[in-house]
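Scroll down for the structure; my scribbles are underneath it.
The values are calculated or read from the model by the stated rules, or taken from the named source; none is laboratory data. Bear in mind that the values here come from a model prediction, so they are computed numbers and not experimental data. Reconstructed Cβ throughout: ideal geometry from the backbone, glycine too, with neighbour counts over all protein chains shown.
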Amino acid sequence: MNENSKDTRRARTWGIVFLVFAALMLVLFLPGTTGSQRTTFAFDLELSEALPIGSLTFSTQGGLYLLVVLAVFLGAWQLAKGFKQVYLILGVVVLAFVLAFLTWAARDNSMNMTGMLQATLLRAVPITLAALSGVMCERCAVINIGIEGMMLTGAFTSALIGSLTQNVWVGLFAALSAGGLMGALLAVMAIRYKVDQIIAGTAINILATGLTSYFSSRYLQSIPELNRPPTFVQLPLPVLSRIPIVGPVLFTNTAPVYLMLILVAVIHVMLFYTRWGLRTRAVGEHPQAADTLGVNVFKTRYVNVILGGMIAGLGGAYLVLSSVARFDENMTAGRGFIGLAAMIFGKWSPIGALAASLIFGFADSLRTNLAILRVPIPSQFLLMAPYLVTMIVLAGVVGRANPPAADGQPYEKQ
Amino acid sequence: MSEKNTTQGKAQKRRSRGRWRALLTPLMAIVTALILGAVVIVVTDTSVYDAFGEGFGAGLLRIVEVVVTAYGSFFAGAFGDPARMVRGLSTWITTGDGSDWVQSLYPLTETLRYATPYIFAGLAVALGFRGGLFNIGAEGQYFIAGLTTVFVGYSLTGVPWFIHVPLALLAGILGGAAWGAIPGYLKAKTGAHEVINTIMLNYISFRLAEYMLDVGGPMARGDGRPVSPVIQPSAQLTQFFPSNPNIRFNVGFFIALLAAVFVYWLLFKTTIGYEIRTVGQNPRAAKYAGMNVPRTVVLTMALSGGLAGLAASHDILGVIGFMPNSFSSGYGFDAIALALLGNSHPFGVVLSSLLFGALQAGARNMQAIARVPLDLTDILQGLIIIFIAAPAIIRALYRLRTPDEGEGAVMTRGWGQL
């Protein structure tokens, strides 16, 4: 009875939240528009193999009203009857809000949606890889706060080795090894020496910053040939790349982007549908029980953490070998930490991590787009949004974020 | 039976020996890090390889030369040249011109100046550790406190210094404390782990500072540069050597020492401190003992943030005089190393801050003279953390005996548990 009334109150709260979103759209976006303004969403990219589909032009106010009506309808329905999948509906409402924002921002102007989605994915790649690295480690109960350092090491190594060999794949492989080595360092500290894992990760961050900056100013800055790695070329997939929107966004990418997408799928399947995944999760939730059943807790943790380090190294290599083609001190710029946030936001699942990273990547790409459209919103506030969202998620407002039960605890064999 | 052989005497002797042994591990950690640092310097010096081409003896000689030049300039940069100090002092006494003597003190004052914000930030993290909280957000608290302190520093006019300086310091404390209390509150109310929240708040504070100080932003100076206005003279911390503008050693150092004494008193002599430590050791026991655990958690984080805020106040009111947009300090992570190295004890933090201050001052001289990149300090700091956090490595290296378990600060316990 009591449980029931709590549920209805919760459902009602969500209904009110949806209505608040609708009201916000009305208050924030409508006053700045006039009836004659038109918004254009373009879908074709220049230099793209995709079949052209033209663009969509509509009345700014009409579009806004449509989205407001949608949100009001969803809110009213939620209040009256209630949806089963509240979070799905929340996603729809937030999407409507974002679309309303874009409609408003691009009034009397044109915004290329395909270009924005493409930028979103590209910016999400290193964040997703960082988050995957975190998932690998934390699913077996080793907290990895050193992702940033591992990425930095990977970035540096890929720049150096890539320049020396002038081969992207060798550079990539070197980054994987360097990241794995850093992962091994974390594993030894956390598993063998039972060091507090957050401190171990912090040590890795400081050490990696120091080592890469030191070697960079010793060698890379004085010998420019050592900092000129080649970059990956785009590999459009035949036929698929010609699909409008999806083709340029998903199927016209460089090898590391495909690799990231494959990794997300593979790790997801491995984690939830294979014996290895079951063991990993058992070690993360209840290592004693796993040990009793014959799972080697230490081995599982070593393997996972080293793999996690390699994935972080791949993330660093992507930063260097995809477009910048050079290493700069501290070039990861906090992406490892954002990845950590994406991991929590994605509730320790690979697909969730990808979704969270895409949101972070979207906020990032939106910033550039708004600068082009000269929207008078300080870009800093947009950049804050992902962090705020993470804090809200972590506070349990949008579902609870439950880490693996044994996360962070060293295992002592009985 | 002599008194020495009574059990009480033995216990006392063991305890004092244990105290010395407690100092041995950090000392050996520092020495080991310096040795490894020397290896990095030697291996990355091409002149060493050239010398080995001439002959083995020449190579060895060159190695010694490289290490001596590097660490020699390092120590000169951190502590100065004693001979020059004596000479300067005698000139002062004989001719009355003290400028030479003051200049000879420059390296030493630089060490103390660098040590000052380290003490504040280190105390912040150490206090958190004692309360079972891991404050990775000292950096963000530093940024927010920088904004509040500089605002009071430049906007308030026509007040005497003995009102302006305390107000500006207070603004820094409150800014940092507020920013620190947020993750404390979230932890106490929802169980959200403070590590993630402080990291998130770090990035939010960077963006916020960027917005405030950006050209055209609310706190920009208005001359096309992303910096805040300069603080009023009445808000400046007292300088000890105003005759020499290079020396920026100021009264902030002594405020930092006072802060260390305060934290010691608070932690070990007051009920609040007892509650903080109990919650840190065992929150469940604290709860059953009738302590208000959520309140203590918020209070610990607020105090921690306030201390981190004072680091910013020192840097702005005592050294820079305004707040630049690119204010990144790296104190956030260094402070973790400081707290660990100082075993989360206020006086240990002061000692380790002096060491890190010397590292900073020395490394700058080393970069200028021996051409060894400044980033060596990060390598040294990372290694020191590893060796302190995993004392088993040091003990195995030097075959030390395992000490008895003493009361230390509890570090963290995974995500989201209170």
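If you check every pair at least six apart or on different chains, which have Cβ atoms under 8 Å apart with a residue in the stretch A:348-372 that is basic (Lys, Arg) first and a residue that is in a helix (DSSP H, G or I) and at pLDDT below 90 second?
Going by the 8 Å Cβ cut-off, the qualifying pairs are A:ARG367/A:SER379; A:ARG367/A:LEU382; A:ARG367/A:LEU383.
Mind listing just one residue for me: the one in the stretch A:311-337 that is part of a loop (DSSP other than H, G, I, E, B) and either under 16 Å from the mean Cα position of the chain (by Cα) or hydroxyl-bearing (Ser, Thr, Tyr) (or both) and, of those, surrounded by the most Cβ atoms within 10 Å (Cβ to Cβ)? Please lay out each step first, then the result.
First, pick out the residues of the stretch A:311-337 that are part of a loop (DSSP other than H, G, I, E, B): A:325-334.
So of that shortlist, the ones also either under 16 Å from the mean Cα position of the chain (by Cα) or hydroxyl-bearing (Ser, Thr, Tyr) (or both) come out as A:332-334.
Details: A:THR332: 29, A:ALA333: 13, A:GLY334: 17.
The extreme case among them is A:THR332.
Between A:PRO256, A:PRO229, A:PRO238, which is at pLDDT 90 or above, over 24 Å from the mean Cα position of the chain (by Cα), closer than 25 Å to A:LEU122 by Cβ and not aromatic (Phe, Trp, Tyr)? Break it down into steps so the answer makes sense when it comes.
On the way: A:PRO256 fails: over 24 Å from the mean Cα position of the chain (by Cα); A:PRO238 fails: at pLDDT 90 or above.
Just one listed residue meets the conditions, A:PRO229.
Output the number of the condition that B:VAL102 fails; it satisfies all remaining conditions of (1) part of a helix (DSSP H, G or I); (2) in contact with a Pro (Cβ under 8 Å, 6 or more places away or on another chain).
Failing condition for B:VAL102: (2).
Farther than 22 Å from A:GLY313 by Cβ and aliphatic (A, V, I, L, M): which single residue out of A:VAL94, A:VAL135, A:VAL125 fits that description?
On the way: A:VAL135 fails: farther than 22 Å from A:GLY313 by Cβ; A:VAL125 fails: farther than 22 Å from A:GLY313 by Cβ.
Testing whether each residue is farther than 22 Å from A:GLY313 by Cβ and aliphatic (A, V, I, L, M) leaves just A:VAL94.
Only one of (1) closer than 20 Å to B:LEU354 by Cβ; (2) among the acidic types (Asp, Glu); (3) surrounded by fewer than 21 Cβ atoms within 10 Å (Cβ to Cβ) is not met by B:ASP97, so which one is it?
Of everything listed in (1) closer than 20 Å to B:LEU354 by Cβ; (2) among the acidic types (Asp, Glu); (3) surrounded by fewer than 21 Cβ atoms within 10 Å (Cβ to Cβ), B:ASP97 misses just condition (1).
Given the options B:ALA192, B:ALA209, B:ALA178, name the one that is at the interface with another protein chain (Cβ under 10 Å from one of its Cβ atoms), closer than 18 Å to B:GLY309 by Cβ and not hydroxyl-bearing (Ser, Thr, Tyr).
Working: B:ALA192 fails: closer than 18 Å to B:GLY309 by Cβ; B:ALA178 fails: at the interface with another protein chain (Cβ under 10 Å from one of its Cβ atoms).
The conditions single out B:ALA209.
Return yes or no: is B:TYR154 among the hydroxyl-bearing types (Ser, Thr, Tyr), within 14 Å of chain A (Cβ to nearest Cβ) and crowded, with 20+ Cβ neighbours inside 10 Å? Break it down into steps so the answer makes sense when it comes.
Working: among the hydroxyl-bearing types (Ser, Thr, Tyr): yes; within 14 Å of chain A (Cβ to nearest Cβ): no; crowded, with 20+ Cβ neighbours inside 10 Å: yes.
Considered against the rule, which asks whether it is among the hydroxyl-bearing types (Ser, Thr, Tyr), within 14 Å of chain A (Cβ to nearest Cβ) and crowded, with 20+ Cβ neighbours inside 10 Å, B:TYR154 comes out as no.
Tally time: how many residues in the stretch A:307-331 are touching a Leu at 6+ places or on another chain (Cβ under 6 Å) and of a type in the set (Val, Ile, Thr)?
So the answer is 1.
For the stretch B:332-348, give me each residue that is within 21 Å of B:PHE262 (Cβ to Cβ) and surrounded by fewer than 24 Cβ atoms within 10 Å (Cβ to Cβ).
Answer for the stretch B:332-348, where residues must be within 21 Å of B:PHE262 (Cβ to Cβ) and surrounded by fewer than 24 Cβ atoms within 10 Å (Cβ to Cβ): B:ASN343, B:HIS345, B:PHE347, B:GLY348.
Could you say whether any residue in the stretch A:71-86 is part of a helix (DSSP H, G or I), at pLDDT 85 or above and of a type in the set (Phe, Trp, Tyr)?
Taking every residue of the stretch A:71-86 in turn, at least one turns out to be part of a helix (DSSP H, G or I), at pLDDT 85 or above and of a type in the set (Phe, Trp, Tyr).
Could you say whether any residue in the stretch A:363-378 is of a type in the set (A, V, I, L, M, F, W, C) and touching an Asp or Glu at 6+ places or on another chain (Cβ under 8 Å)? It would help to see each step written out before you state the result.
Going residue by residue through the stretch A:363-378, those that are of a type in the set (A, V, I, L, M, F, W, C) are A:363, A:366, A:370-373, A:375, A:377.
Narrowing the set further to residues that are touching an Asp or Glu at 6+ places or on another chain (Cβ under 8 Å) leaves none.
No, the stretch A:363-378 contains no residue that is of a type in the set (A, V, I, L, M, F, W, C) and touching an Asp or Glu at 6+ places or on another chain (Cβ under 8 Å).
Tell me the helices (runs of 4 or more DSSP H) entirely within the stretch B:255-348 that contain at least 2 residues that are modelled with pLDDT under 95 and within 14 Å of another protein chain (Cβ to nearest Cβ).
Numbers: elements: B:271-281, B:283-288, B:293-313, B:331-341.
Helices (runs of 4 or more DSSP H) meeting the threshold: B:331-341.
From the list A:TYR65, A:TYR87, pick out the single residue that is exposed (fewer than 14 other Cβ atoms within 10 Å of the Cβ), more than 29 Å from A:THR252 (Cβ to Cβ) and not assigned by TED's automatic domain parsing to the domain that holds A:LEU240.
Values: A:TYR65 fails: exposed (fewer than 14 other Cβ atoms within 10 Å of the Cβ).
Being exposed (fewer than 14 other Cβ atoms within 10 Å of the Cβ), more than 29 Å from A:THR252 (Cβ to Cβ) and not assigned by TED's automatic domain parsing to the domain that holds A:LEU240 holds for just one of A:TYR65, A:TYR87, which is A:TYR87.
Look at B:PHE75 and say whether it is surrounded by fewer than 13 Cβ atoms within 10 Å (Cβ to Cβ) and within 19 Å of B:ILE41 (Cα to Cα).
On the way: surrounded by fewer than 13 Cβ atoms within 10 Å (Cβ to Cβ): no; within 19 Å of B:ILE41 (Cα to Cα): yes.
No; evaluated as a whole, the condition is false for this residue.
Okay, residues lined up against (1) among the acidic types (Asp, Glu); (2) more than 8 Å from every other protein chain (Cβ to nearest Cβ); (3) under 16 Å from A:GLU329 (Cβ atoms):
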{"residue": "A:VAL170", "(1), (2), (3)": "no, yes, no"}
{"residue": "A:ALA175", "(1), (2), (3)": "no, yes, no"}
{"residue": "A:GLY201", "(1), (2), (3)": "no, yes, no"}
{"residue": "A:ARG218", "(1), (2), (3)": "no, no, yes"}
{"residue": "A:SER222", "(1), (2), (3)": "no, yes, yes"}
{"residue": "A:LEU226", "(1), (2), (3)": "no, yes, yes"}
{"residue": "A:PRO236", "(1), (2), (3)": "no, yes, no"}
{"residue": "A:LEU240", "(1), (2), (3)": "no, yes, no"}
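Counting only residues that are farther than 21 Å from A:SER323 by Cβ, give me the helices (runs of 4 or more DSSP H) lying completely in the stretch A:208-308 with at least 3 of them. Outline the logic, then answer.
On the way: elements: A:246-250, A:255-273, A:275-285, A:287-292.
Counting at least 3 such residues, we get A:255-273, A:275-285, A:287-292.
Does any residue of the stretch B:397-412 turn out to be part of a helix (DSSP H, G or I), within 12 Å of chain A (Cβ to nearest Cβ) and either at pLDDT 90 or above or surrounded by fewer than 22 Cβ atoms within 10 Å (Cβ to Cβ) (or both)?
No, the stretch B:397-412 contains no residue that is part of a helix (DSSP H, G or I), within 12 Å of chain A (Cβ to nearest Cβ) and either at pLDDT 90 or above or surrounded by fewer than 22 Cβ atoms within 10 Å (Cβ to Cβ) (or both).
When the residues of the stretch A:151-168 are filtered to those that are within 14 Å of chain B (Cβ to nearest Cβ) and in contact with a Ser or Thr (Cβ under 7 Å, 6 or more places away or on another chain), which remaining residue is surrounded by the fewest Cβ atoms within 10 Å (Cβ to Cβ)?
Going through the stretch A:151-168, the residues within 14 Å of chain B (Cβ to nearest Cβ) turn out to be A:152-153, A:156, A:160.
Next, only the ones that are in contact with a Ser or Thr (Cβ under 7 Å, 6 or more places away or on another chain) stay: A:152-153, A:156.
Numbers: A:LEU152: 34, A:THR153: 31, A:PHE156: 29.
Only one residue tops the list, namely A:PHE156.
Out of curiosity, is A:PHE43 buried (at least 17 other Cβ atoms within 10 Å of the Cβ) and either at pLDDT 85 or above or under 13 Å from A:PHE101 (Cα atoms) (or both)? Steps first, answer last, please.
Values: buried (at least 17 other Cβ atoms within 10 Å of the Cβ): yes; either at pLDDT 85 or above or under 13 Å from A:PHE101 (Cα atoms) (or both): no.
Against the criterion (buried (at least 17 other Cβ atoms within 10 Å of the Cβ) and either at pLDDT 85 or above or under 13 Å from A:PHE101 (Cα atoms) (or both)), A:PHE43 does not qualify.
This table checks each residue for (1) aliphatic (A, V, I, L, M); (2) out of contact with any Leu (no Cβ under 7 Å at 6 or more places or on another chain); (3) farther than 25 Å from B:TYR114 by Cβ.
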position: B:ILE196; (1), (2), (3): yes, no, yes
position: B:SER205; (1), (2), (3): no, yes, no
position: B:VAL215; (1), (2), (3): yes, yes, yes
position: B:GLY222; (1), (2), (3): no, yes, yes
position: B:VAL227; (1), (2), (3): yes, no, no
position: B:GLY252; (1), (2), (3): no, no, no
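Kindly check whether there is at least one residue in the stretch A:362-370 that is over 13 Å from the mean Cα position of the chain (by Cα), charged (D, E, K, R), assigned to a helix (DSSP H, G or I) and more than 25 Å from A:GLU138 (Cα to Cα).
Checked against the condition, which is being over 13 Å from the mean Cα position of the chain (by Cα), charged (D, E, K, R), assigned to a helix (DSSP H, G or I) and more than 25 Å from A:GLU138 (Cα to Cα), the stretch A:362-370 yields at least one hit.
Give just the number: which of (1) among the hydrophobic types (A, V, I, L, M, F, W, C); (2) in contact with a Lys or Arg (Cβ under 8 Å, 6 or more places away or on another chain); (3) surrounded by fewer than 17 Cβ atoms within 10 Å (Cβ to Cβ) does A:ILE191 not satisfy?
If we test A:ILE191 against (1) among the hydrophobic types (A, V, I, L, M, F, W, C); (2) in contact with a Lys or Arg (Cβ under 8 Å, 6 or more places away or on another chain); (3) surrounded by fewer than 17 Cβ atoms within 10 Å (Cβ to Cβ), just (3) comes out false.
So that you can scan it fast, the table gives a plain yes or no per residue for (1) under 26 Å from B:THR190 (Cα atoms); (2) buried (at least 19 other Cβ atoms within 10 Å of the Cβ):
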| residue | (1), (2) |
| --- | --- |
| A:ILE351 | yes, no |
| A:ALA356 | yes, yes |
| A:PHE362 | no, yes |
| A:LEU366 | no, yes |
| A:PRO376 | no, no |
| A:ALA385 | yes, no |
| A:THR390 | yes, yes |
| A:PRO403 | yes, yes |
